[in-house]
Amino acid sequence: MIPLVSRSFSFLDSRAIISNGQSYTYKELLNRSEEIASFLLGSKKDLQESRVAFMVTPGFDYVSVQWGIWRAGGIAVPLCITYPEDALHYVVEDTQAIHVIASEVFSEIASAVASRLGTPFSIVIDCKHSGNSLPDIEAHRRAMILYTSGTTSKPKGVVSTHQTIAAQIGSLVDAWKWTSQDHILCVLPLHHVHGIINVIGAALWSGATCQFLPKFNAEDVIASFQIGEINLFMAVPTIYFKLISYLDACSDIEKESAKNCMKKFRLMVSGSAALPVSVMEKWESVSGQVLLERYGMTEIGMGISNPYEGERRPGFVGQPLPGVSIRLADENNIPIQGEPGEIHVKGATVFKEYWQRPEATQSAFTTDGWFKTGDIAELVDGSYRILGRNSTDIIKSGGYKISLLEIEEVIRSEDGIIDCSVVGLPDEEWGEIIAAALVTSDAFNLDECIIGLKNKLPGYKMPRKFKLLSELPRNAMGKVTKNELKTIF
Ligand code: MCA
Ligand code: AMP
């Protein structure tokens, strides 16, 4: 059985989802996902881990399609709803999806991608069929592929099984004391772990309610809080920064009313990127809440968390979560103590493999089975502090992981580019912002280049600053000196 789905039979009449101003019970979620599973199966008995890609607005439809794919025996591949066609094409092609499903609003772009690849396409409302009996799905089967940027130029698909998902959710439900009385607001994109596992997964596992906003907007978040039902919130530091800016501009009465409502929350969590101490302190003053910061990664779910009860140390991510083993190791993968090292992770929460990349999978683990995160941390008085990454080619912007090499490769494909280098610049709001230095031919036109890039990169991967240089700074070995480039910006 699929653990997340089978648990929901215990909460049939409870409210599972609120989206588009409508409430849906667990029973309605089960019925709708059964219809979708039956539709996907057609004359088959089991999709046998075939991939089904879906580009669906966050809410009841999204979860119904995700569960429908699972219940038919498929692997769910959620597509980013702001990706341009090329980026969608990459994921659908890489997973060799057998079907693409989209909300009506995305049907133009999603059907174009599907037809380029000869993949069957459906809009969600048409995914209706009944009468097929659904297969029994063993928990060790593959369930989901999420794409993550790595040090190689193209994003890799991270494969998790139903067991992995159950372990990732179970650990959080235990650590953060979820109950069926909880009610969370989801404003996060649903092609990443943070929204899928920590918010929707933990809520539905617990018989709680998950309410959706289709897109983050500070005013709508505060208005949703003030209805008085929501008692949990999870977001990236950029979102807390944006909420603080919004509240700063409100009147004293509005500020007081927002604070009175937020201070009653059971829990507010920050993660996906380092939470600046200034944001944590400011958030406490506007909301009365001490943010709980935790550390995670697509490949491991969540690994380390500040305590639910006890001191939440600013600038630290806390202790290993239940069921997760953490160690620090040197560059030879030898465990070390008392000094900074790379975070290694072991446990049932760790992913199965990179989709069809056996070598990348093998090199991501030590010979004794620890996953090497690439994040460097130190342990101080029993609490971990993240110090940075062992690669300068990966940055975090707005909570999204971004490979600078991937962006360089896309820029190089534009007309008039002779050479380029991309760096991340520190930024209070976004964590880091993307800056591109270009060496170009005389015929180069920056506006045309930006239009070209927007056709290939989602907004969050677009460079925010450009600099035209006659040459890039390089060291004696000919390698671009990125630190020098940052100072040029
Ligand atoms: C957008 N803009 C940016 C960036 N993104 N500027 C600089 N840097 C960026 N990264 C600009 C746009 O160009 C636009 O400007 C304006 O901001 C609004 O754009 P929009 O796309 O509407 O932004 P938004 O909706 O306000 O997005 C901000 C956001 C979003 C809500 C913080 O970035 C977001 O949802 N981040 C969460 C990502 C996430 O869930 N990560 C988890 C993965 P203009 O108006 O001038 O055009 S990590 C994970 O899952 C692991 C396991 C973990 O640990 O959690
Ligand atoms: P992703 O691949 O998008 O899942 O991003 C995972 C990466 O986000 C980790 O490898 C860390 O570099 C970073 N990360 C997640 N949570 C935190 C945090 N609380 N503090 C610092 N970095 C974080």
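The values are calculated or read from the model by the stated rules, or taken from the named source; none is laboratory data. Just so it is clear, the model here is predicted, and its values are computed rather than measured. Virtual Cβ from ideal backbone geometry, glycine too; neighbours counted across all protein chains shown. Protein only, heavy atoms only, side chains kept; ligands, DNA and RNA dropped before computing areas. Shrake-Rupley method; radii C 1.70, N 1.55, O 1.52, S 1.80 Å.
For this structure, a couple of remarks:
- Qualifying positions in segment 262-305 - surrounded by fewer than 24 Cβ atoms within 10 Å (Cβ to Cβ) and among the aromatic types (Phe, Trp, Tyr): Phe265, Trp283
- Among the residues of segment 327-348, none qualifies, meaning not one is surrounded by fewer than 15 Cβ atoms within 10 Å (Cβ to Cβ), out of contact with any Cys (no Cβ under 6 Å at 6 or more places or on another chain) and either within 21 Å of Lys156 (Cβ to Cβ) or in contact (Cβ under 8 Å) with a residue 60 or more places away in the chain (or both).
- The set of residues in segment 413-442 that are of a type in the set (D, E, K, R) and part of a loop (DSSP other than H, G, I, E, B) comprises Glu414, Asp415, Glu428, Glu429, Asp442.
- Any hit, segment 362-375, residues being within 16 Å of ligand 1 (Cβ to nearest atom), closer than 19 Å to Asn455 by Cα and in contact with a helix residue (DSSP H, G or I) (Cβ under 8 Å, 6 or more places away or on another chain): no
- The set of residues in segment 401-412 being within 16 Å of ligand 1 (Cβ to nearest atom), under 22 Å from Met297 (Cα atoms) and assigned to a helix (DSSP H, G or I) consists of Leu404, Glu406, Ile407.
- Residue that is touching a Phe, Trp or Tyr at 6+ places or on another chain (Cβ under 9 Å) and either away from ligand 1 (no atom under 14 Å from the Cβ) or among the acidic types (Asp, Glu) (or both), where the choices are Ile334, Ile326: Ile326
- Considering residues of segment 208-242 that are assigned to a helix (DSSP H, G or I) and touching a residue at least 40 places away in the same chain (Cβ under 8 Å) only, the residue most open to solvent (accessible area, probe 1.4 Å): Lys242
- Looking across segment 184-206, just one residue is out of contact with any strand residue (DSSP E or B) (no Cβ under 8 Å at 6 or more places or on another chain) and assigned to a loop (DSSP other than H, G, I, E, B), and that is Pro189.
- Every residue from segment 24-65 that is of a type in the set (S, T, N, Q) and free of Cβ contacts under 8 Å to residues at least 24 places away in the same chain: Thr25, Asn31, Ser43
- Selection from segment 1-44 of residues that are outside any helix (DSSP H, G or I), touching an Asp or Glu at 6+ places or on another chain (Cβ under 8 Å) and open to solvent by 60 Å² or more (accessible area, probe 1.4 Å): Met1
- When residues of segment 379-399 are limited to those that are of a type in the set (Gly, Ala, Ser) and away from ligand 1 (no atom under 16 Å from the Cβ), the one least open to solvent (accessible area, probe 1.4 Å): Ser383
- Residues in segment 395-437 that are more than 16 Å from ligand 2 (Cβ to nearest atom), hydrophobic (A, V, I, L, M, F, W, C) and more than 18 Å from Lys454 (Cβ to Cβ): Ile418, Val423, Leu425, Ala437.
- In segment 352-369, the residues that are free of Cβ contacts under 8 Å to residues at least 24 places away in the same chain reach residues that are acidic (Asp, Glu) with C-beta atoms within less than 6 angstrom, at least six apart or across chains, in these pairs: Thr361/Glu353.
- Counted residues, segment 429-466 - those being touching a residue at least 60 places away in the same chain (Cβ under 8 Å), open to solvent by 50 Å² or more (accessible area, probe 1.4 Å) and of a type in the set (D, E, K, R): 3
- Glu49 vs. criteria assigned to a helix (DSSP H, G or I), charged (D, E, K, R) and at pLDDT 95 or above: no
- Selected residue (criterion: surrounded by the fewest Cβ atoms within 10 Å (Cβ to Cβ)) from residues of segment 135-158 that are assigned to a strand (DSSP E or B) and within 15 Å of ligand 1 (Cβ to nearest atom): Thr148
- Residues in segment 188-207 that are open to solvent by 10 Å² or more (accessible area, probe 1.4 Å), aliphatic (A, V, I, L, M) and over 19 Å from Ser305 (Cβ atoms): Leu190 alone.
- Among (1) closer than 22 Å to Arg294 by Cα; (2) within 16 Å of ligand 1 (Cβ to nearest atom); (3) in contact with a Lys or Arg (Cβ under 6 Å, 6 or more places away or on another chain); (4) of a type in the set (Phe, Trp, Tyr) - the single one Tyr354 does not satisfy: (1)
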